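Data first, discussion second: the structure below is written as structure tokens.
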Amino acid sequence: MKDFYSDYLKDELWLIRESKWVRPLQNIRESQFALGNGYLGTRAVLEEIPYDAQPGTYIAGLYDKMASQVAELVNLPNPINFKFTCKGEKFDLIAMNSLEHRRVLNMKKGLLIRQTLYSDNKKRRFDYQSLRFVSMHNKNIGALQIVFTPLDTSCVLDINTGIDTSVFNAGVLSEGRKKHFRVKELGQAHKAGFLVAETLEKKQPIVYWSGFYYQIKKKKIYAQDNVFRLKIKKNQTVIFTKIFCIKRFPPHRDHGCFKDETYKIFSKAFRGKFISLLDDHVKAWEKLWRRADILVEATQDVQTNLRFNIYHMLICQHYDYGLSSVGARTLSGEGYRGHVFWDTEIFLMPFYLAIFPQVAKNLLLYRYRRINKARELAKKEGYRGAKIPWESAYTGEEETPAWAKDIDGTVIKIHTHQMEHHITSDVAYAVYKYYVFTGDEKFMEYCGYEIMFESARFWASRVEFNKKKRRYEINNVIGPDEFHIGVNNNAFTNMMAKWNLVTAYKMHSKLKNKNFSLCRILEKNLSLTQREVSSWQRIAARISININKDRVIEQFDGYFKLREVLPKETDESGMPIIPRNIKVRGLKNTQLVKQADVLMLLCLLDDVFDKKTKLANYNFYMPRTVHKSSLSASMHALIASRINDLQIAYNFFTVSLLTDISNLCGNTFEGVHAANLGGTWQTVVFGFAGISLKREKLYINPQMPRIWKGMIFSLIWRQNLIQLELTNDKVKIKIKSKAKKALEIGVFDAVQTLKPNRTYIFSRSRRKYIQDVHY
């Protein structure tokens, strides 16, 4: 049998393989092998749509609320739909025997490749191969090619393709399966099919065009219909090629113009050469990887699995002026209903900020486009400024459901939207980091300062003054550790609010001196007075946290008095197991922590706390944390690397690295964990590579695991491409830039002045300038 796609299966370091059909893994593989381009995401459902398959086709930012508690990412009609039958037997991994089966995700080229050897009830063999992609070059286009060969007999093949409208969104708790779209029009024209659907609530049109042709002995035949019959001789190979185009539009009564506009995009792809579509797509991927790849001189599985995490961040990166953001499960599934959490700004955004700053900007524009809703939310709850919703979808309204399942499967009331307010300072923190990394003054003038000031205004109204202790407090909150609900003075919340108030005050003072006229315009638009701004500094000075004599920060008031429980058992991944005598409802009475909370604070405000404080809190909270969130392992790896506990750092990094590729949380079928993807990258770059910000300067101080011999990667710093080759003892650095201005960058804790377009080598004991060489 000829392997038609062998050219795309050559580099093992870029391939994720499924070597056999395992039915219970079907939905997990659909998430792991998902394809996308940031605008459009598709789950890796098999083309024949076997029983229990969960097809998923999603457009970034497209939500609907009809028939559900809250808005959900819409599961749209499925274009990956191609069914073959012969004499009543369906070619299907569940319905028919398979002698061989493999699928391969080529992450370098964004391709999903399959080969299945079927055997029917008379033991006759049929070779089935396929290749598909969602174009990274043209964001509306997807393509599927199937190569079919009967090996032992001729056959009459019944073909059924087209666009599958029988899909639905998964049921959640009391809600059954639901459809969030209606079909408005469908038909055939120009030897292709079209479909116009619209969402139920907002009536947003989505237009599909789809067509296919087949080739026998290089003769290209366009199909007249989606259902037809074809006679194929023994050992005769038929190549079926399907092209589809999907485009969303704003609500409008007349869909005719939308159909025409979409058809123009589709027709160019459909009438062109398949290989040209494929080449353009592959070139677009090559461009992305030139910027995003991290070469690690380590074991093969580390390199491949790291690329798996980066791949999934690449297929959800998009720029649409803030129309959409990235949900907690990307565009690979419907977990958390596609909602946007703090995961985006705190865990994912650093990757985009350092690699694709435009995408990071888009994530912040998403928040700004909805700032009026955040103001309404604050006002509704009796506060000023802007309060960011805990879960967000398309309008910026609070989208947190009232009920959800706890870690033991029981249904519980959800309070995060009422109490987990730290997300407001998390977004402000992301704005500040964006500004420091990019120096993008235009962004700050357009919306950055406004976000900073309105978030500070919220915290100034959220605090309560305790006359007895003469301090401002933030009561009745939930920190990142969601085991403890309605606590007072959560350290993470207090310190992030304090940081928010101080930073906004400093930004206002700086802006007033630098651009007085703009400052006055902002003050007028926001009804902001100097007295109010000065109050931010005064309030921040009186926000405090509890620290004992051993430098341990109390997670919240009364935490130290809770029952001390230390897990003694671990699971196969080395993660602690909650003691069996502790019920989930009793966790609130113990010192057990769900995920990084105080340690998360030490990661974000790295330059605020000294190493002794970090070490004391690391030693105290590490044994108390049970990591019941995919967000936890990577942050523990990061803090462990920063205090040079590299063995523990590497253990947690391994868990983070394998979270989705090994389904460690048991729920990858709902989509990959976006926060973990970003957290894994942060562990590598901010932890092992030692990239950090100190006093708004970039520093590089590698501290890699000993089994890693080196790393090569790039990042963007203030519009300059920084190319790095690192070992624990040496840093090779080149700044590629059209500008002539030198940059100050810290290397091994000493600030160096580096000229662009020259290559430098530094060691911990000496510095050396060398002639430019090929990087």
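The values are calculated or read from the model by the stated rules, or taken from the named source; none is laboratory data. Remember, it's a predicted structure, so these values are computed and weren't measured experimentally. Reconstructed Cβ throughout: ideal geometry from the backbone, glycine too, with neighbour counts over all protein chains shown. The protein model used for the area step is the full one, side chains on, heavy atoms only, and it has no ligands, DNA or RNA in it. Shrake-Rupley method; radii C 1.70, N 1.55, O 1.52, S 1.80 Å.
Give N489, N466 a once-over and let me know the one that is buried (at least 23 other Cβ atoms within 10 Å of the Cβ) and at pLDDT 95 or above.
Working: N466 fails: buried (at least 23 other Cβ atoms within 10 Å of the Cβ).
The unique qualifying residue is N489.
Which residue is farthest from D343 (Cα to Cα), if the candidates are limited to the stretch 388-413 and must be of a type in the set (G, A, S) and either over 23 Å from the mean Cα position of the chain (by Cα) or not in a loop (DSSP other than H, G, I, E, B) (or both)? Outline the logic, then answer.
Here is the first cut: in the stretch 388-413, the ones of a type in the set (G, A, S) are 392-393, 396, 402, 404, 409.
Now narrow it down to the ones that are either over 23 Å from the mean Cα position of the chain (by Cα) or not in a loop (DSSP other than H, G, I, E, B) (or both): 392, 402, 404, 409.
Values: S392: 12, A402: 20, A404: 18, G409: 23 Å.
By that ranking, first place goes to G409.
So how many residues does the stretch 714-727 have that are farther than 13 Å from I761 by Cα, surrounded by 14 or more Cβ atoms within 10 Å (Cβ to Cβ) and either out of contact with any helix residue (DSSP H, G or I) (no Cβ under 9 Å at 6 or more places or on another chain) or not small (G, A, S) (or both)?
Applying the first criterion (farther than 13 Å from I761 by Cα) to the stretch 714-727 yields 714-722.
Those still in the list that are surrounded by 14 or more Cβ atoms within 10 Å (Cβ to Cβ) too: 714-718, 720-722.
Next, from what is left, pick out any that are either out of contact with any helix residue (DSSP H, G or I) (no Cβ under 9 Å at 6 or more places or on another chain) or not small (G, A, S) (or both): 715-718, 720-722.
Qualifying residue count for the region: 7.
Quick one: how many residues across the stretch 398-430 are surrounded by fewer than 18 Cβ atoms within 10 Å (Cβ to Cβ), touching a residue at least 24 places away in the same chain (Cβ under 8 Å) and of a type in the set (D, E, K, R)?
Within the stretch 398-430, residues that are surrounded by fewer than 18 Cβ atoms within 10 Å (Cβ to Cβ), touching a residue at least 24 places away in the same chain (Cβ under 8 Å) and of a type in the set (D, E, K, R) number 3.
If you scan the stretch 728-755, which residues turn out to be of a type outside the set (G, A, S), farther than 21 Å from R642 by Cα and surrounded by 12 or more Cβ atoms within 10 Å (Cβ to Cβ)?
Here is the first cut: in the stretch 728-755, the residues of a type outside the set (G, A, S) are 728-736, 738, 740-741, 743-745, 747-749, 751-755.
With the extra rule that they be farther than 21 Å from R642 by Cα, the set shrinks to 732-736, 738, 740-741, 743-744, 752-755.
Answer for the stretch 728-755, where residues must be of a type outside the set (G, A, S), farther than 21 Å from R642 by Cα and surrounded by 12 or more Cβ atoms within 10 Å (Cβ to Cβ): K732, I733, K734, I735, K736, L743, Q752, L754, K755.
Taking the stretch 445-463 as the search range and keeping residues that are of a type outside the set (D, E) and more than 17 Å from V502 (Cβ to Cβ), which one is most open to solvent (accessible area, probe 1.4 Å)? Steps first, please.
Just the residues of the stretch 445-463 that are of a type outside the set (D, E), to begin with: 446-449, 451-453, 455-463.
Checking which are more than 17 Å from V502 (Cβ to Cβ) leaves us with 446-447.
Values: Y446: 141, C447: 0 Å².
Here the answer is Y446.
Which condition number in (1) under 25 Å from the mean Cα position of the chain (by Cα); (2) open to solvent by 30 Å² or more (accessible area, probe 1.4 Å) is the one that M711 fails?
(2)
Which of the residues spanning the stretch 25-45 are touching a Lys or Arg at 6+ places or on another chain (Cβ under 9 Å), open to solvent by 10 Å² or more (accessible area, probe 1.4 Å) and β-branched (V, I, T)?
Listed by number, the list is empty, since nothing qualifies.
Find all pairs meeting these conditions: Cβ atoms under 8 angstrom apart; at least six residues apart or on different chains; first residue within the stretch 633-647 and among the β-branched types (V, I, T); second residue open to solvent by 30 Å² or more (accessible area, probe 1.4 Å).
Here the result reads I643/K611; I643/L615, each pair linking the stretch 633-647 to a residue that is open to solvent by 30 Å² or more (accessible area, probe 1.4 Å).
Quick one: in the stretch 360-387, which of the residues that are in contact (Cβ under 8 Å) with a residue 60 or more places away in the chain, open to solvent by 10 Å² or more (accessible area, probe 1.4 Å) and in a helix (DSSP H, G or I) is nearest to G687 (Cα to Cα)?
Only one residue tops the list, namely K361.
Just give me the residues in the stretch 58-76 being among the hydrophobic types (A, V, I, L, M, F, W, C) and under 17 Å from the mean Cα position of the chain (by Cα), in sequence order.
Start the filter on the stretch 58-76 by keeping residues that are among the hydrophobic types (A, V, I, L, M, F, W, C), which leaves 59-60, 62, 66-67, 70-71, 73-74, 76.
Of everything in the stretch 58-76, those that are among the hydrophobic types (A, V, I, L, M, F, W, C) and under 17 Å from the mean Cα position of the chain (by Cα) turn out to be I59, A60, L62, L73.
What is the number of the single condition among (1) more than 17 Å from T668 (Cβ to Cβ); (2) touching a residue at least 60 places away in the same chain (Cβ under 8 Å); (3) under 13 Å from the mean Cα position of the chain (by Cα) that V340 does not meet?
In the conditions (1) more than 17 Å from T668 (Cβ to Cβ); (2) touching a residue at least 60 places away in the same chain (Cβ under 8 Å); (3) under 13 Å from the mean Cα position of the chain (by Cα), V340 misses (2) alone.
When you look at I310, is it under 24 Å from A71 (Cα atoms) and either in contact (Cβ under 8 Å) with a residue 24 or more places away in the chain or not small (G, A, S) (or both), yes or no? Explain how you work it out, then say what you get.
Numbers: under 24 Å from A71 (Cα atoms): no; either in contact (Cβ under 8 Å) with a residue 24 or more places away in the chain or not small (G, A, S) (or both): yes.
Here the answer is no, as I310 does not meet what is asked.
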